[in-house]
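Worksheet: the structure to be examined is printed underneath.
The values are calculated or read from the model by the stated rules, or taken from the named source; none is laboratory data. None of these values were measured; they are calculated from a predicted model. Virtual Cβ from ideal backbone geometry, glycine too; neighbours counted across all protein chains shown.
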Amino acid sequence: MTMNNNLKYIIKTLIVVLCFSGSLLAQTKTPEINVKDSLAVIEQDSTIIKQKYGLRVGLELSQLVRTAFDGEYQGFEVVGDYRLTKFIYLAGEFGAEKTTSSNTYYNATTQGTYFKAGVDYNFYKNWLEMENLIYGGFRIGASAFSQTLNSYTVYTTNQYWQPQFSSSDVKTYDGLTALWAELVIGLKVEIVNNLYLGAHVSVKGLISQEEPNNFENLYIPGFNQTYDSLGVGFGFGYSVSYLIPFYKKDK
Amino acid sequence: MKYSFVILLLVALSFLGCEKDDICSADTPTTPSLIIRFYDVTYPNTDVLKSVANLRIQGVGNDEVLPGYNVVATDSIALPLKTTETITQYRLYEEYVVNDNDTPDDDTDDYITGNEDIITITYDMTEVYVSRACGYKTIYGNVSINLVPDSDNWIKLIRSVDDNQSVENDNEQQFKIYH
């Protein structure tokens with residue numbers, strides 16, 4: 001990929017150098033030049049490369065894979081970003097998840113929707129007309145969900161009397177909410193024209209949550225599993241997305 | 001570019017191994033046992049601790065001796081309560097001795113000497129959420145202990161530490177038995 005572009009760069013530079021001895025072209029403002037067309041580019045100064053600005057929308061892949069293979073999980077997420085400036089993208093996700101957390105002592109199902117909004121900063125310097133991203137960003141996330149306690153068995157270290165009390169009265173706790181902040185690093189690579197593959201990891205800090213009475217939020221959609229009292233969550237994901245270009249602007 | 005994708009992929013995958021060990025720690029207070037201490041009945045108002053000799057404890061309806069209480073001398077006991085019923089009964093033997101009837105090789109004619117008293121513990125139960133790893137525990141309220149009267153009770157008096165005695169943790173004494 002890099003080799004290919006180096007080659008392209010050299011060829012383009014050569015063409016430009018050759019052209020330079022001739023008359024300079026008068027048409028300096030041609031906003032709709034196709035950057036893929038190297039002949040069009042050489043009509044201008046080779047350092048001026050147009051980049052695409054637009055809305056990129058896609059789907060999170062790992063949740064779809066989990067939905068297919070993990071019987072206790074269902075989820076999807078729509079991802080999107082909108083390019084504001086050279087480096088800054090408005091970014092957000094929304095989705096829904098349903099998952100069951102269980103161990104020997106209880107079985108509970110969490111179900112709900114979430115959205116996240118924030119900003120990504122692309123700190124990758126692209127070659128020429130490439131438009132890949134290595135970015136860092138932050139999000140504010142919010143979720144509304146319910147948690148259902150399907151069954152539980154009382155925990156006791158002393159097993160002299162057996163069995164222990166267990167209940168399978170289904171208890172549903174509605175109207176639970178959570179708010180969190182998230183730091184993301186990731187990348188998006190343009191694999192074919194306007195189609196991107198992405199990967200990211202994130203670390204999340206819980207800001208507030210509405211917890212069920214005599215229970216806790218074992219899982220928060222969009223936030224993932226909670227860790228006892230820490231208020232910290234982790235996530236990762238892969239995405240495929242398509243860029244809908246709105247306009248082009250100098251690099 | 002290709003390489004950074006691979007590196008990031010590896011970083012992402014490493015998070016898969018980050019699940020917390022979901023094992024309930026022994027330090028976490030879960031379902032408590034009932035704590036009873038033994039006092040000398042000669043001084044019912046000054047509370048002088050008095051050990052029970054050769055104490056053997058067995059739950060009524062349970063085929064096994066309560067572990068740790070198979071003929072011991074102690075002034076403090078912890079009795080687990082049933083979490084499925086609001087009543088638990090225990091046999092407390094004082095001076096439990098197996099008499100081998102002068103035939104130590106033949107245990108068919110052995111007999112037990114000692115004084116057996118039965119206590120009946122009644123309570124109500126509440127299930128309280130503890131944590132992700134431990135789930136729920138039972139705590140007990142309105143606990144009372146009644147002695148089943150017999151011709152020769154070695155237990156003379158049972159008192160709770162508080163009115164409407166509750167059993168919510170393993171760290172405090174809840175009842176006093178005078179003998």
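A few remarks follow.
- Applying the set (1) touching a strand residue (DSSP E or B) at 6+ places or on another chain (Cβ under 7 Å); (2) modelled with pLDDT of 95 or more to B:Thr113 leaves exactly one unmet item: (2).
- The range B:134-154 - residue that is within 30 Å of A:Leu218 (Cβ to Cβ), touching a residue at least 12 places away in the same chain (Cβ under 8 Å) and in a strand (DSSP E or B) and, of those, farthest from the chain's Cα centre (by Cα): B:Gly135
- Selection status of A:Thr156, surrounded by 15 or more Cβ atoms within 10 Å (Cβ to Cβ) and closer than 17 Å to B:Gly135 by Cα: yes
- Of residues in the range A:172-198 being closer than 22 Å to A:Thr100 by Cβ and without any contact (Cβ under 8 Å) to a residue 40 or more places away in the chain, the one surrounded by the most Cβ atoms within 10 Å (Cβ to Cβ): A:Thr177
- Filter result for A:Val240 (closer than 29 Å to A:Leu55 by Cα and modelled with pLDDT of 95 or more): yes
- Enumeration of residues in the range B:69-94 that are out of contact with any strand residue (DSSP E or B) (no Cβ under 7 Å at 6 or more places or on another chain) and either in contact (Cβ under 8 Å) with a residue 12 or more places away in the chain or more than 10 Å from every other protein chain (Cβ to nearest Cβ) (or both): B:Pro80
- B:Asp124 falls short on exactly one of the conditions (1) in contact (Cβ under 8 Å) with a residue 12 or more places away in the chain; (2) surrounded by 14 or more Cβ atoms within 10 Å (Cβ to Cβ); (3) farther than 23 Å from B:Val65 by Cα; (4) within 14 Å of another protein chain (Cβ to nearest Cβ), and that condition is (2).
- Among the numbered conditions (1) buried (at least 19 other Cβ atoms within 10 Å of the Cβ); (2) under 22 Å from A:Val119 (Cβ atoms), the only one that A:Ile207 does not meet is (1).
- Filtered residue count, the range A:46-82, keeping only those that are in contact (Cβ under 8 Å) with a residue 24 or more places away in the chain and assigned to a strand (DSSP E or B): 19
- Test for B:Ile36: is it away from chain A (no Cβ under 14 Å) and assigned to a strand (DSSP E or B): yes
- The range B:54-68, residues that are more than 14 Å from B:Ile177 (Cβ to Cβ) and touching a residue at least 12 places away in the same chain (Cβ under 8 Å): B:Asn54, B:Arg56, B:Gln58, B:Gly59, B:Val60, B:Gly61, B:Leu66
- Scanning the range A:159-208 for residues being among the polar types (S, T, N, Q), within 14 Å of another protein chain (Cβ to nearest Cβ) and in a strand (DSSP E or B) gives a total of 3.
- Residue tally, condition part of a strand (DSSP E or B) and away from chain A (no Cβ under 13 Å), over the range B:39-60: 7
- Residue satisfying all of: in the range A:209-251; assigned to a strand (DSSP E or B) and under 14 Å from A:Ala108 (Cα atoms); farthest from the other protein chains (Cβ to nearest Cβ) among these: A:Ile220
- Identity of the residue in the range A:83-106, in a loop (DSSP other than H, G, I, E, B) and within 14 Å of chain B (Cβ to nearest Cβ), that ends up surrounded by the most Cβ atoms within 10 Å (Cβ to Cβ): A:Tyr105
- Complete set of residues in the range B:61-118 that are surrounded by 12 or more Cβ atoms within 10 Å (Cβ to Cβ) and assigned to a loop (DSSP other than H, G, I, E, B): B:Asn62, B:Asp75, B:Pro80, B:Leu81, B:Lys82, B:Thr83, B:Thr84, B:Glu85, B:Thr86, B:Asp100, B:Asn101, B:Asp110
- Residue in the range A:141-151 that is over 20 Å from the mean Cα position of the chain (by Cα) and within 25 Å of B:Pro80 (Cα to Cα) present: yes
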